[in-house]
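The values are calculated or read from the model by the stated rules, or taken from the named source; none is laboratory data. If you're wondering where the values come from, they're calculated on a predicted model, not measured in any experiment. Neighbour counts are summed over all protein chains in view; Cβ atoms, including those assigned to glycine, are modelled from backbone coordinates with ideal geometry. Remember, those area values only see protein heavy atoms, side chains included, never the ligands or the DNA or RNA. Shrake-Rupley method; radii C 1.70, N 1.55, O 1.52, S 1.80 Å.
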Amino acid sequence: MTSIRFPARRTGASLLLLLAIPALGGCSDGSALHPGDAAVVSGERIGLTEVDDLALATCALEERGLAQQGAGVPMSFVRSLAVETLITDVLIEDFATEHDVDLAEVRSGVREEAEKAITDLPDSQQATALDRLALEGVRRAVLQIVGATVPGGDASPDAASAAGRAVFAEFRKDADLVRDPRFGDVDLDTFQFSGASGSLSVAAEPSGNAMDQAAVAELPAAQRCGTPAPPQQ
């Protein structure tokens, strides 16, 4: 199986494209979190179990493609990606409401497209893949719709997406959001990753570059997704 691709106009990068990425800044101190929380967004709690379920599903969907490339990524990255995906899905609801976007209609349309995109996957993976594609597809669709209303954003789909990301970034600055700092920052558009800061089975990056393949190979199997190829002699 090749790596999952999102529907047209909502194409998402595979984990295979995320190696050797520079770091971002840190995250919140987690002071408002309760045990079992990965994040709290607008009063809505995102549990560690929910994060791990999404992270493990994401890894399972990407493992074959990673194996074909002889590559791997830390599970700390995959878990942090899951946290950011779930945080954004909560925020996008208020963002859509603020900009008069019919989110129910968007979700329905994205899900229909996602169903077409997963037909070549094994039956055992289709439900998980559908959920994952829908989360990202809804985000991209809402940002594009909003961006198209911004001056200059109607020039092209790419311009709309860029404008929508900028508007959402401003919206997010005022968000009621607390995230466990043991999860690193992940930008869902560039996939820049800060690395995690410790424990909770979310391993800190093994070197200064969390995506360094030699360092990823040294991680225990449970702390990485995929297995980097041994260095050529």
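Side notes on the structure shown:
Quick grid of which residues meet (1) open to solvent by 50 Å² or more (accessible area, probe 1.4 Å); (2) among the hydroxyl-bearing types (Ser, Thr, Tyr); (3) farther than 18 Å from Thr58 by Cα; (4) in contact with a strand residue (DSSP E or B) (Cβ under 9 Å, 6 or more places away or on another chain):
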residue	(1), (2), (3), (4)
Gly109	no, no, yes, no
Val142	no, no, yes, no
Ile145	yes, no, yes, no
Ala159	no, no, yes, no
Ala166	yes, no, yes, no
Phe171	no, no, yes, no
Asp187	yes, no, no, yes
Phe193	no, no, no, yes
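- Lone qualifier among Val78, Val138, Val73, Val83 - being closer than 24 Å to Asp53 by Cα, touching a Leu at 6+ places or on another chain (Cβ under 6 Å) and open to solvent by less than 20 Å² (accessible area, probe 1.4 Å): Val73
- Near pairs, Cβ below 7 angstrom, 6+ apart or cross-chain, from the range 115-134 (free of Cβ contacts under 8 Å to residues at least 12 places away in the same chain) to any residue that is of a type outside the set (Asp, Glu): Gln126/Ile118
- Selection of the range 86-104 for residues being of a type outside the set (Asp, Glu) and open to solvent by 30 Å² or more (accessible area, probe 1.4 Å) yields Thr97, His99, Ala104.
- In the range 67-114, the residue that is farthest from Asp131 (Cα to Cα) out of those that are free of Cβ contacts under 8 Å to residues at least 12 places away in the same chain and among the acidic types (Asp, Glu) is Asp100.
- Residues within the range 26-59 that are modelled with pLDDT of 85 or more, surrounded by 14 or more Cβ atoms within 10 Å (Cβ to Cβ) and over 21 Å from Ile92 (Cβ atoms), tallied: 4
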